[in-house]
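Read the structure below first, then the notes.
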Amino acid sequence: MTSLLYRLAIVVVALMFCQPAPAQTTSPALVSREANAHKVFSAAGSERKVEALLQKMTLEEKVGQLVQYSAGQPTGPGTGRTDYDDMIRKGEIGALFNITTAKQVNAYQRIAMESSRLRIPLLFGLDVIHGFRTEFPIPLGLASSWDPEIVEQAARVAAREASASGVRWTFSPMVDIARDARWGRMTESSGEDPYLGAAMARAYVRGYQGTRLDAPDSIAACPKHFVGYGAAEGGRDYNSTEISEHTLRQFYLPPFHAAIDEGAATIMSAFNSLNGVPASANPFTLTQILRKEWGFQGIVDSDYTSLAELVPHGIANDGATAARKAFLAGVDMDMVSSLYHDHMVQLVRSGDVPESAVDEGVRRVLRVKFALGLFEHPFADESKEAGAMLHPDSVLLARTAAEQSFVLLKNASVAGGPLLPLSADAKTIALIGPLADDPANILGSWGGLGRPEDAITLRAALAEKIGAQNLRYAKGAEIIGGSDDQLAEAVTAAGRSDAVILVLGENGPEMTGEAASRAFLGLPGRQEELLERIVATGKPVILLVFSGRPLTLPWAFQHVPAVIAAWFPGIQGGPALVRTLFGEVNPRGRLVVSWPRSVGQEPLYYDALSTGRPEVGGVEPTEKKYVSRYIDEQSSPQFPFGFGLSYTSFRYENLHVDKTQLSARSLNEELKVRERQQSAVLTATADVTNTGSRAGVETVQCYLRFQGTSVAQPVRALSGFQRIALAPGETKKVTFQLGPEAFAIWNDQQLFAAEPAKVTLWIAPDSSQGLQATLEITK
């Protein structure tokens, strides 16, 4: 009897999860603006095709559609299986990944289309993170452009190249909010802010999926990792996360919802546990939020072996239990664990999993395959593969993207003027550092099919610019390690030169990305020693930092006159840096993460809550002890979110808001409108003037703060940004039209709504300053 009741309960829960998504009334700002109609799957007749095919499938063939394996170079622990050909013939595999050529793809696809009973095409995926063959800056660098358009263009190039090789599914974008630089996967993120993260998420989806997902050069996007992965305790990858529902909804979910609302066809569940429940077996996030509130109809794919990892997580003692819990929570496809293949048929036959629930999972997989046009065009055109790679326009875009990603952090005066840009007739330059001539590291982690021979290093580009006879190159040290002779050679090269460009940082593939968390964020190896010895020569030094995260460099920021965060800039990193260093391009990148002074400040982010005892300016020294602070470090970051210098300067003035009062009741009425474009409820303007002698691009940012609300709100929250180009002496009026969602919060009832509040608005160059106005939200 107990077993029967248990099985009945399982059936009830599963059927509840399979019900059509109801209209969402509690969170209007996060409801799909198209009434939960997922635009990717709206093709006429596709649902009829799905149902017709489903009726022909055996239970084993249904389960096969939910099974995914890595058939190429693995990126983690595998299953040990080698019988993919036979499994495909039996209809026991729905998707493969880590296959990177059209010939390999077609070989597997031919088995599915010619030898399996139902001729259901395979779906081929790959981690196409910041380019396929044409490698762009790492995502943290791309986001530092604050330019969704260039991110979309980069994703479109990646889609064209990947699809030419038969890859029609990318496990990207990573839209996790990243607040802790110790976490290695910060390199794959768009930073710490949900508003900017949402804008970048939409851009990636548009770029990958194009205007039609069934176009031959479009690929399905897969935002990841759902959800909370970036909040790993201690910044240690795969670690547990504890995130309140309020914080989850306000900070961590918006980029995911933006990606889904933009039409992402798939989504990936995360490795981490969330409030004690592993994210790959979490019905609250995977079913309640994703399916019911957002109306998502596509595939939920597990991360690599994350279903098998439910056992060490401690919520399952065997593979069958892990499979059942993950599937009923909402994971459609099992990546690599093989638990669905091994256990799902028996789970259905025993009554532990309803076959109707399996049917729903299969519908989602078939839906994506039909949307991609795989049934009509399952094979890649091998004759076009080579010609799609490294197109000149794509390479030029990679250079432009790199130029826009660089963040000028410091540019002090040397001999009467800023050290940068360098003069076009610069004399002898010493180029020093382990990353100055490293074509593999310039690609960073998750380099796709990018090859070192595709990349142009800074040494090669600089030699072309100033002539090899004027360049003194010395490695100086290894990224980790190095010899006294290397150090001495570098010091000699610096002493014989007029200026020094020092290129230091991390090993991109090994020290950033997945499984690359760091407890210390300084320069590794002997690089700090190299830095200090080069500065001691007295020559003007420009420091270029190659990294996948901010590094703690207090000595450098005190003693080095010019510093640029170059991230890992991709195949055109060398030419892009040369054009920037010599002023052919004016730096325009802005930080998307707060730059720490020391690792003890982490996690560090600008949109924090105030404490009851905030550390604020004007506190008397005798009163300063009993405030929220460190006794051995400043509380503020080295550089704030949104910060970045230029070779020119800008002035902000004449802030104006067109209303000083808004009505919470009226705002909430506006929030009920579901259209993509909502009317503005407040307009804020300011004049921005280029006060320097060079043309430049300024990223103007709009921030809000709410006080007096039912739940404490951040001291600032980004609510808009614009990039404007200004000639020397030119003034432009920048206008922010804020909709009702800008004035709503997740309140103490977990409802997204406007409340009576005092509102502070800033128009600013970064999150620490700016012009300020106040207004009020009344009842």
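Take the Cβ-Cβ distance between Gln288 and Gln346 as r, set R0 to 35 Å, and report the resulting FRET efficiency rounded to the nearest 0.05. Could you put the intermediate results ahead of the total?
On the way: r = 28 Å, r/R0 = 0.80.
Taking R0 as 35 Å, the efficiency between Gln288 and Gln346 is 0.80.
Any chance you could run the full-extension gain for Asp359 through Asp687? It's 0.36 nm times the residue separation minus the Cα-Cα distance, nm to one decimal.
Separation in residues times 0.36 nm, less the Cα-Cα distance, equals 112.3 nm.
If we count every other residue with Cβ under 9 angstrom of Ile479's Cβ, Lys/Arg +1 and Asp/Glu -1, where does the sum land?
-4
In whole angstrom, and with the biggest value first, how far do the Cα coordinates of the range 669-779 range along each principal axis?
53, 30, 19
Pop out the carbon and sulfur fraction of the accessible area of the range 715-762 as a percent, whole number, probe 1.4 Å.
After summing per-atom areas, the C and S share lands at 49 percent.
Between His391 and Gln749, what FRET efficiency comes out of the Förster formula 1/(1 + (r/R0)^6) with R0 = 45 Å and r the beta carbon distance, rounded to 0.05?
Rounded to the nearest 0.05, the efficiency is 0.30.
Can you grab the distance from the C-alpha centre of the range 301-324 to the C-alpha centre of the range 718-763, Å, no decimals?
43
Regarding the range 193-243, what are the three Cα extents along the principal axes, ordered largest first, in Å?
If we take the Cα atoms of the range 193-243, the spans are 43, 22, 14 Å.
Of the peptides 315-323, 565-573, 411-419, how do they stack up when ordered by the mean number of other Cβ atoms within 10 Å, highest first?
Going by the mean number of other Cβ atoms within 10 Å, highest first, we get 565-573, 315-323, 411-419.
Counting only heavy atoms of the protein chains, get the accessible area per residue of the chain (1.4 Å probe) and round it to a whole Å² value.
36
So what is log10(I(q)/I(0)) for the chain at q = 0.05, 0.07, 0.10 1/Å, when the Debye sum runs over its Cα atoms only?
-0.26, -0.52, -1.05
Please get the size of the charge dipole for the chain, origin at its Cα centre, with Cβ charges of +1 on Lys and Arg and -1 on Asp and Glu, quoted in debye to the nearest 20.
It works out to roughly 1060 debye.
Based on the alpha-carbon gyration tensor of the range 622-664 and its eigenvalue square roots a ≥ b ≥ c, which shape applies: rounded if a/c is under 1.5, prolate if not and a/b is larger than b/c, or oblate? Write down the numbers at each step before the final one.
Details: a/c = 3.10, a/b = 1.35, b/c = 2.30.
In terms of gyration-tensor shape, oblate.
Where nothing but the Cβ of Lys and Arg (+1) and of Asp and Glu (-1) is charged, how large is the charge dipole of the range 210-338 around its Cα centre, in debye to the nearest 20?
For this selection, approximately 240 debye.
Arrange the residues Leu662, Leu751 by how much accessible surface each exposes, largest first, with a 1.4 angstrom probe.
The most accessible residue leads, giving Leu751, Leu662.
Taking the Cβ-Cβ separation of Asp632 and Ala426 as r and a Förster radius of 35 Å, what is the calculated FRET efficiency to the nearest 0.05? Mind showing how you got there, number by number?
Numbers: r = 41 Å, r/R0 = 1.18.
That gives a FRET efficiency of 0.25.
Within the range 455-563, report the trypsin sites (Lys or Arg not before Pro) that DSSP leaves as loop and that have at most 15 other Cβ atoms within 10 Å.
Working: sites: Arg459, Lys465, Arg472, Lys475, Arg496, Arg518, Arg526, Arg533; in loops: Lys475, Arg496, Arg518, Arg526.
Hits after loop and neighbour filter: Arg496.
Within the range 314-359, what whole-number % of the accessible surface is contributed by carbon and sulfur, with the 1.4 Å probe and all protein chains included in the calculation?
Answer for the range 314-359: carbon and sulfur cover 43 percent of the accessible area.
List the lysines whose Cα sits under 17 Å from the Cα of Lys62, skipping any in the same chain fewer than 8 residues away.
Candidates past the 8-residue exclusion: Lys49, Lys90, Lys369.
Starting from the Cα-Cα distance between Ala440 and His656, subtract it from 0.36 nm times their residue separation and give me the gain in nm to one decimal.
Working: separation 216, 0.36 × 216 = 77.76 nm, distance 4.97 nm.
Between Ala440 and His656, full extension yields an extra 72.8 nm.
Pulled fully out, how much extra length does the chain show between His559 and Glu47, if you take 0.36 nm times their separation in residues and subtract their Cα-Cα distance?
177.9 nm
The values are calculated or read from the model by the stated rules, or taken from the named source; none is laboratory data. It should be emphasised that the depicted structure is a prediction, and the values quoted were computed from it without experimental measurement. Glycine gets a Cβ as well: all are built from the backbone with ideal geometry, and neighbour counts include every protein chain shown. With ligands, DNA and RNA removed, areas are computed over all heavy atoms of the protein, side chains included. Shrake-Rupley method; radii C 1.70, N 1.55, O 1.52, S 1.80 Å.
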